[in-house]
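Below is one structure; the comments refer to it alone.
The values are calculated or read from the model by the stated rules, or taken from the named source; none is laboratory data. For clarity, every value in this text was computed on a predicted model and none was experimentally measured. Ideal geometry is used to build each Cβ from the backbone, glycine not excepted, and the neighbour counts take in all protein chains shown.
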Amino acid sequence: MGGADIIPGVSGGTVALILGIYERLIAAISHFDLQLFRLLGSRRWRAAAVHVDLRFLAALGVGILTGIVSLASLMNRLLKDDATRPLTLAAFFGLILASAVLVAKMIKAKRNTDVPVLVILAAAGTIFAYWLTGQTPAAVDEPSLLYVFLCGTVAICAMILPGISGAFILVILGMYLYITGLLRDIKNFDAGWNDLLSVAVFCAGCALGLIVFSKFLRWLLARHEPQTMALLCGFMLGSLRKIWPFKNAWPDADDRVLLIAGIALAAAVFVFVLDRITRGHEHALPLEDDGQDGS
């Protein structure tokens, strides 16, 4: 998820869906609520940890940070090099396309009359994501702290939505280079106090957006799962516009095109194999509260 989140056009939420942990992730994040504060206030540490699925979140968080730190430079080189960029995009194209197929298979209409609504939602999601990925990035030189906070709030919502890239949202808002530059300076111990403050404000915006939006997603999945999954499937299909790997290779129709297509196919097959392996091993917290406090 960390490696995906740093690439404009690719969503970490898509990876979570591939691995079968999406609903568990949404449920765990949404449990940062008043009940958690009550458990902490009464020093019921174990119950609080169970309430938010802390072991899962901690392991996932370490993995995401590891992916961001270890893969950022590699992905940057792969995407900047004209020779490797189409091959890299092809791999993610295959991953997302196959994931969209799997999500489509998860959509089960309760009644035949629901099918047209699901089709419309999927089409709307596709059109919106296709439009969004074609927007021209904004230019922001010296953003205010309020703007930094709002960008964090919006971008983190996109990062947990399959098909909507939080990194690309930052590109559109004119903040991608600014935020990644701050992270680079911090990594190199070259950041000033203002830089650290901006990163702290951005993280605060991310935290607020993540908690609030995860609760909304949890509510949607609990009460309108087919409709939600149809919309997410559309997001994933529409986002393929951003990572179309044949932009400069398609007219030549040579062996390079076959290589790109082969990588995309291999990535898609990998997703289907991974789905077969992980099927039946998904574990999620209940999407609806059962009145227990996790003790």
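A few points about this structure:
- Candidate set from the stretch 62-73 (those that are of a type in the set (A, V, I, L, M, F, W, C) and at pLDDT below 75); member that is farthest from S11 (Cα to Cα): V69
- Qualifying residue in the stretch 117-131 (condition: at pLDDT below 85, aromatic (F, W, Y) and under 18 Å from the mean Cα position of the chain (by Cα)): no
- Considering the stretch 123-171, and only residues there that are hydroxyl-bearing (S, T, Y) and not in a helix (DSSP H, G or I), the residue that is surrounded by the fewest Cβ atoms within 10 Å (Cβ to Cβ) turns out to be T136.
- Test: residue in the stretch 99-116 that is among the acidic types (D, E) and in contact with a helix residue (DSSP H, G or I) (Cβ under 6 Å, 6 or more places away or on another chain): no
- For the stretch 49-69, residues that are in a helix (DSSP H, G or I), touching a residue at least 12 places away in the same chain (Cβ under 8 Å) and either among the acidic types (D, E) or loosely packed, with under 13 Cβ neighbours inside 10 Å (or both) total 2.
- Considering the conditions (1) within 30 Å of E23 (Cα to Cα); (2) over 20 Å from the mean Cα position of the chain (by Cα); (3) in contact (Cβ under 8 Å) with a residue 24 or more places away in the chain, L197 is excluded by exactly one of them, (1).
- Of all residues in the stretch 26-36 being part of a helix (DSSP H, G or I) and in contact with a helix residue (DSSP H, G or I) (Cβ under 9 Å, 6 or more places away or on another chain), the one that is nearest to C203 (Cα to Cα): I29
- Of all residues in the stretch 44-55, none satisfies being of a type in the set (D, E, K, R), under 25 Å from F235 (Cα atoms) and touching a His at 6+ places or on another chain (Cβ under 8 Å).
- Candidate set: the stretch 240-282, residues that are surrounded by 13 or more Cβ atoms within 10 Å (Cβ to Cβ) and of a type in the set (V, I, T); chosen: the one modelled with the lowest pLDDT: T278
- When the test is whether a residue is touching a Ser or Thr at 6+ places or on another chain (Cβ under 9 Å), under 18 Å from S11 (Cα atoms), among the polar types (S, T, N, Q) and part of a helix (DSSP H, G or I), S99 passes it.
- Residue that is surrounded by the most Cβ atoms within 10 Å (Cβ to Cβ), among those in the stretch 1-46 that are among the hydrophobic types (A, V, I, L, M, F, W, C) and more than 21 Å from T66 (Cα to Cα): A27
- Hey, R43 assigned to a helix (DSSP H, G or I) and either in contact with a strand residue (DSSP E or B) (Cβ under 8 Å, 6 or more places away or on another chain) or among the basic types (K, R) (or both) or not: no
- From the list L231, L237, L285, L221, the one residue that fits, being in a helix (DSSP H, G or I), at pLDDT below 85 and closer than 30 Å to G152 by Cβ, is L221.
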